[in-house]
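These notes are about the structure you will find just below.
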Amino acid sequence: MGTMPKPPETYEAFIERYPKLKEAWEKIAEAGKDGPLDEKTIRLIKLGVAIGAMKEGAVHSSARKALVQNISQEEIEQAITLAAGTIGLPSTVAVYSWIKDVLDKKDKCCQ
């Protein structure tokens with residue numbers, strides 16, 4: 001598994017300004033990992049939650065982290081298609097465009 005991608009500059013500025021929120025966020029993230037699920041399953045669930053909540057930034061972040069965890073493009077795309085019945089086709093297409101943002105950047109940087 002590779003190194004997690006660097007967070008966006010805005011996130012870095014926010015947590016620098018509010019270190020107690022950063023600390024609380026890290027504790028929440030750590031507590032959520034307690035249990036039998038492996039890292040791949042956790043990442044795909046987090047991606048699915050971000051998709052269902054229609055949180056573009058969280059979808060981008062989860063997709064970037066998934067790629068670093070060697071989760072394939074096909075597996076990421078299946079998570080999107082699974083959401084279609086719940087969030088509807090227009091929302092699913094929007095999510096697909098957000099995932100393509102991440103995949104296109106990966107393709108450009110790593111060719």
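No value in this document is a laboratory result; all are computed from the given coordinates. What you see is a predicted model; the values in this text were computed from it and never measured. No Cβ is skipped: glycine too gets one built from the backbone with ideal geometry, and neighbour counts run over all protein chains shown.
Between the helical axis of 89-109 and the dominant principal axis of the chain, each derived from Cα atoms, what acute angle in degrees is found, rounded to the nearest 10? Once rounded, one gets 70 degrees. Helix 39-53 and the longest principal axis of the Cα set of the chain meet at an angle near 80°.
Summing Cβ point charges (Lys, Arg +1; Asp, Glu -1) relative to the Cα centre of the chain gives a dipole of roughly 160 debye.
Would you mind calculating the relative contact order of the chain from Cα pairs under 8 angstrom and at least 6 residues apart, reporting the percent as a whole number? Could you put the intermediate results ahead of the total?
Numbers: 71 pairs, mean separation 30.9, N = 111.
Relative contact order comes out at 28 percent.
Neighbour counting of Cβ atoms within 10 Å sorts the residues Glu30, Glu75, fewest neighbours leading, into Glu30, Glu75. The long axis of helix 19-32 is offset from the longest Cα principal axis of the chain by roughly 50 degrees. For the pair Ala53 and Glu16, a Förster radius of 30 Å applied to the C-beta separation gives a FRET efficiency near 0.70, rounded to the nearest 0.05.
Where does the chain land at 222 nm, in deg cm²/dmol rounded to the nearest 500, when only DSSP H runs of n ≥ 4 count, each adding -39500 (n - 2.57), divided by all residues? Calculated mean residue ellipticity at 222 nm is -25500 deg cm²/dmol.
How would you classify segment 38-109 from its alpha-carbon gyration tensor, with a ≥ b ≥ c the square roots of the eigenvalues: rounded for a/c under 1.5, else prolate if a/b is greater than b/c, otherwise oblate? Spell out each step's value before the answer.
Working: a/c = 1.76, a/b = 1.23, b/c = 1.43.
Oblate.
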